[in-house]
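Note sheet for the following structure.
The values are calculated or read from the model by the stated rules, or taken from the named source; none is laboratory data. Just so it is clear, the structure is predicted and the values come from calculations on it, not from any experiment. Backbone-built Cβ (ideal geometry, glycine too); neighbour counts: all protein chains shown.
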Amino acid sequence: MEKFSFSASQAEAEKKYNIGRGEYFKVKEGSNKIRLISVCLAHPSEYNGQKTFKWLCQVIDRADGVVKPYFMPTTVFKAIEALQLSEDFAFDGVPMPYDIIVNAKGAGSKEVVYTVMPTKEKPLTKEELKMLAGKPTIQELQNKIYEKVKTEPEQKTMLDVEEVDFDNISNSENQVTIKEASAALDPK
C-alpha cells in the first residue's frame, strides 16, 4: 500500500503553484469602485498566442479593501486621463485624491464597454496609508511577472499573474533581485 497524505499534497501544491494567491483586480459586470494608488506601466503581453496590451497598476478594491494589481484596459486609462486633464477633477499624482467607479457592460467579453465616473475627493485613511507602505512598487510587481514569463515561456500569457505570489515581493526598501523573484515564483 502506497502512503499518501492529502493534506501534505495540498500544502505542497499551494506552495508550488500559489493556489489562492496572485489575487488581482478584475472588473465585474456593473459598478466597480476602486482607488488608483500607483502609476500605470505599459504592459504588453500575449494571451492565447495573440499580442495584448494593458496598463499595469495597483488599486484598492473598495469591494474588499485589498490592494490588488490591475491590468487596466486602454479605454479605462484614457477615461482617467480625461479626468486628470479636466477642470473639475484634475489631479497630478497618485494615489488619486478620489475613488473612481468603473462601470462595465458586457464584462468578460470582447464587446465590454467601460465608463468611468469620479467620486467625491476623500483622502486615504491612516490604515490605508499604512497598508500601502508595505506593498511592493508597481515596477517590482511587473518585474516579478516578467520573470515568471522568462522562467516558464510556454505559459507566456498575462494571466500568469494568477500564479504570482504578490505577498512575497520585497518592497522598494529591500530591492528585489532576480534570485529573490525566482525564489518567490517557484518556492521549493
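Screening Ala181 on (1) more than 17 Å from Trp55 (Cα to Cα); (2) modelled with pLDDT of 50 or more; (3) of a type outside the set (Asp, Glu); (4) not in a loop (DSSP other than H, G, I, E, B) shows it passes everything except condition (2). Taken over the stretch 48-81, residues that are in contact with a strand residue (DSSP E or B) (Cβ under 8 Å, 6 or more places away or on another chain) and either among the β-branched types (Val, Ile, Thr) or farther than 22 Å from Gln139 by Cα (or both) amount to 12. For the stretch 35-58, the tally of residues that are under 17 Å from Met131 (Cα atoms) and either of a type in the set (Lys, Arg) or in contact with a Lys or Arg (Cβ under 6 Å, 6 or more places away or on another chain) (or both) stands at 1. Residues that are farther than 11 Å from Gln142 by Cβ and buried (at least 18 other Cβ atoms within 10 Å of the Cβ) within the stretch 33-47 comprise Ile34, Arg35, Leu36, Ile37, listed in sequence order. For the stretch 32-41, filtering for residues that are part of a strand (DSSP E or B), closer than 23 Å to Thr115 by Cβ and not β-branched (Val, Ile, Thr) leaves 4.
When the stretch 91-122 is limited to residues that are in a strand (DSSP E or B) and among the basic types (Lys, Arg), the one that is surrounded by the fewest Cβ atoms within 10 Å (Cβ to Cβ) turns out to be Lys120. Just so you know, in the stretch 47-63 the residues that are modelled with pLDDT under 95 and either in a helix (DSSP H, G or I) or under 17 Å from the mean Cα position of the chain (by Cα) (or both) include one that is nearest to Pro123 (Cα to Cα), and it is Thr52.
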